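Note sheet for the following structure.
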Amino acid sequence: MSEMRILDKAKLAEFIGKLGADFEVIVPRRENGNLVFGSLDHTQPVVEFTGKPLVPPKEYFFPQREELLTFTVKGKEIKVEAHLDKVKRVIWGIRPCDLAGIKTLDTIFLSNYTDNYYQARRENTILMGLNCNEPCSSGFCSPLGTGPFAKDSFDLLFTDLGNRFLIETGSEAGRELVASSADLFAEARDADKAKLKELEEKCKRAFESSLPSTVDLATVSNKLSGAWGDALWTEESETCILCGGCNFICPTCHCFNIEDVPAEQQGVSTRVRYWDSCQLGGFTQMAAENTRRTQAERLRQRVFHKLVYIPDKYNGAVGCTGCGRCIEVCPGEISITNILGRVMRK
């Protein structure tokens with residue numbers, strides 16, 4: 001059963017700092033002017049921030065580059081060593097859109113075929129979410145049901161009530177964290193719970209009235225199939241420079257490539273997995289042909305994958321969390337909300 005506690009903001013650093021005795025603690029922090037997730041490393045976390053870190057926390061479960069196996073060949077003997085990351089981590093400050101992204105990655109990597117590498121990291125990581133009190137510049141989470149307040153997929157969920165946080169427990173691991181620092185927490189009063197509901201309703205109205213939130217998911221889903229051969233894909237893709245940024249900062253993108261890389265030591269090779277992007281020209285290149293030869297086809301693939309293929313394959317799983325990062329980083333100023341708006345008007 002969910003429990004609610006109160007933590008004064010002034011005590012957050014102490015609470016998170018104490019976790020460092022048993023976990024690698026990941027928090028939002030400033031680096032080169034950007035808000036990013038990074039190790040605490042005796043640095044104060046950024047407590048007051050609007051929006052979300054530049055890159056989602058998926059890299060702590062599905063790294064940009066990871067070594068899967070090492071092969072050592074000695075004569076006729078082949079030794080295979082798997083590299084599973086079982087470091088215990090706790091991540092604070094995860095926005096609802098990113099919690100939704102992790103939930104989708106769980107569905108993809110832990111159903112049908114279980115990815116042992118993802119599983120090892122996921123089982124050893126505690127998620128501490130942070131609800132959004134105001135809209136971010138490009139987010140459209142509200143119509144997708146992924147924000148501004150989270151409903152699940154967290155161990156602890158923080159809501160900013162001004163000079164204090166209201167904290168909801170979402171798992172036994174979360175309750176144990178609170179119990180381990182019980183002296184820092186107070187019981188949530190009825191007034192605190194009432195303020196939580198009031199704040200949630202206020203935030204929903206603010207998000208729904210923000211410009212990017214005009215996307216209606218039901219309308220988009222109904223009209224996408226009819227837009228398959230539309231000229232909008234060619235028109236919208238004209239400014240794409242094939243950088244792959246939209247994929248790399250997406251909370252749910254999970255395509256990857258695998259290579260066996262020889263080491264300097266003779267007879268030793270390492271199997272490496274690294275992120276790949278459906279927006280790159282060679283993504284579907286095969287010996288005979290490339291099944292998506294144009295950038296229009298690749299852009300269409302990205303949108304259909306998010307809003308059609310993932311929900312269809314994984315029983316309604318969220319393919320796009322509405323975080324808006326792809327809009328923010330695109331040098332060609334391609335906006336998925338503009339694309340979906342055009343689809344809706346068809």
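Derivation of every value follows stated rules applied to the coordinates shown; laboratory data play no part. Note that the structure is predicted; figures quoted are calculated from it, not measured. Please note: Cβ atoms are built from the backbone with ideal geometry, for glycine as well, and neighbour counts cover all protein chains shown.
The convex hull drawn around the Cα atoms of the chain, when projected onto a plane and averaged over every direction, covers 20.9 nm². Taking other C-beta atoms within 10 angstrom as a stand-in for reagent exposure, 104, 72 fall in the order 72, 104, fewest first.
For segment 186-313, with the dipole built from +1 on Lys and Arg beta-carbon atoms and -1 on Asp and Glu ones, taken about the Cα centre, which of 282, 243, 206 lies farthest toward the positive end? Of 282, 243, 206, it is 206. With contacts taken as Cα pairs under 8 Å at a separation of at least 6 residues, segment 44-152 carries a relative contact order of 32 percent. Annotation for segment 25-116: GluC sites (Glu not before Pro) lying in DSSP loop with at most 10 further Cβ atoms inside 10 Å of their Cβ are 48.
Summary value for segment 212-346: 35 percent relative contact order, contacts being C-alpha pairs under 8 angstrom separated by 6+ residues. The trypsin sites (Lys or Arg not before Pro) of segment 55-110 meeting both criteria, a DSSP state outside H, G, I, E and B (loop) and at most 15 other C-beta atoms within 10 angstrom of the site's C-beta, are 76, 86, 88.
Each stretch of four or more DSSP H residues adds -39500 (n - 2.57); spread over every residue of the chain, this sum gives -8500 deg cm²/dmol at 222 nm.
Sorted by packing (mean other beta-carbon atoms within 10 Å per residue), highest first, where do 229-241, 293-305, 120-132 land?
Top of the packing list down: 120-132, 293-305, 229-241.
Since only 263, 140, 226 are under comparison, the one whose Cα sits farthest along the positive direction of the charge dipole of the chain, derived from C-beta charges on Lys, Arg, Asp and Glu, is 226. Result for the chain in a Gaussian network model with C-alpha springs under 10 Å: among 326, 243, 97, the largest mean-square fluctuation is at 243.
Think of each Lys and Arg Cβ as +1 and each Asp and Glu Cβ as -1; about the Cα centre, that makes the dipole of the chain roughly 520 debye.
Using Cβ point charges alone (K and R +1, D and E -1), the dipole size of segment 1-119 about the Cα centre works out to roughly 40 debye.
Could you please rank 16, 258, 102, 249, placing first whichever residue has the fewest other Cβ atoms within 10 Å of its Cβ?
The order, fewest Cβ neighbours first, is 258, 249, 16, 102.
Among 88/193; 9/204; 197/313; 9/193; 52/204, which pairs are too far apart, with a Cα-Cα distance over 26 Å? Where the Cα-Cα span goes over 26 Å, the pairs concerned are 88/193; 197/313. Taking the fewest neighbouring Cβ atoms within 10 Å as the starting point, the ordered list for 18, 306 is 18, 306.
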